[in-house]
Amino acid sequence: MRICMLLHKDIAHDTRVRREAGALAGAGHEVTVVHLPPPAGREPPGTPYALVAATLRRGRRRLPHAARLGAEATRLALRAAATRPDAIHAHDAAMLLPGLLAARRCGARLVYDSHELATGVPYRRGAWPTVVAGAERLVAPRADAVIAVSDGIAARLGERYRLRRPPATIRNLPDLPPPGAAPAPDLRRALGIGDAPLILHQGAVAAGRGCEVLLRALDLLPEAHLLFLGAEGAYAARLRGLAGESPGAARCHFLAPVPPEALLSHTAQADVGVSLLADSCENHRLALPNKLFEYIAAGLPVVVSDLPEAARLVRARGIGWCADGADPASVAAALRTALAQQDDEELRERLARGAAELSWERERQRLLAVYDALGR
């Protein structure tokens, strides 16, 4: 089957799209990804799928923001249709209307891959919430298949749009090399912390992810160190400033993102991993963050906000602890328990089972099943 994926950003920044495109290409499908790399960017070499850029190269800076988005959406749709695919795979709500246009233009099937509960995200501004809600309401019921990143989001999409078939859940499980395949530097030596307990917050830092609560929790854990791995941008700079003013300033560390192939060897050097999404929107309550699965893959016990999807996974597998993500004392208490029990043999066995079962090698079969059904 010829499959064309539509992405409203650069594929270099989306591991989910790379995993899915690679899995489908590896199964014998002919895959093209139409995306928006930087105007002067170069396509990464050696991918098992084709890449087509739809970025405006000239005049993009002169266009108003909305006009540029509309022009690039149209280019995405036209370039996708030009590949003459059997299926258009629209990644996230922003690609629903371009995906529908491309599918109608070339007579292809349409797959909607929802990376989040788009109508449950509070930080969207201007007309965007209305556009997203309208696009989902129009296109999702017309899609030949719908994919979501968690069971909760899949159920909500199915109920809201009365979908003919239940959406398939394909979680953001890591496709990472085993420990030692891409060795990391000795983080403890680099940070100068010796054998002190190391708490890890992995991935981008942003408002609503509990980073500031985590800083205050560190003040209640005088023996522990905290590492923000993947911290960059304006919010990271603000967080550094707050950390510098806290009593635990000397025990808080920041490192830039590392390549995906080196991530697990960095992660495995910590003692506990943290994911503290705020209870601020429906999307957060139904989310299963990437970092949660990355911690499990590296063998780390986890501390998560007591939100439905993440808490259900952690409790069912006995691989960590839940806390009130808005309360530094609650977070500190959960971290204290996690650090005290990290060497518990039964906990280690549960984490090992989780790492074996929550792998992309298994999850990819769900994606392949979606396309097997489309091809019948």
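For region 68-109, a Kirkwood hydrodynamic radius built from all Cα pairs, placed in the Stokes-Einstein relation at 20 °C and 1.002 mPa s, yields a translational diffusion coefficient of 217 µm²/s. Derived from the Cα gyration tensor, the three semi-axes of the equivalent ellipsoid of the chain are 37, 22, 21 Å, largest first.
Scanning the chain for GluC sites (Glu not before Pro) in DSSP loops with at most 14 other Cβ atoms within 10 Å, what's the longest stretch left with none?
1-222
Dimensions of region 1-151 from C-alpha coordinates, computed as largest minus smallest value along each principal axis and given longest first, are 42, 39, 28 Å. Three principal axis extents describe the C-alpha atoms of region 187-357; from largest down they are 39, 38, 31 Å. Summed over all non-identical Cα pairs, the Kirkwood treatment of region 83-240 gives a radius of 19.1 Å.
Values in this text are rule-based calculations from the coordinates and carry no lab data. This structure is a prediction, so every number in the text was calculated from the model and none was measured. Reconstructed Cβ throughout: ideal geometry from the backbone, glycine too, with neighbour counts over all protein chains shown.
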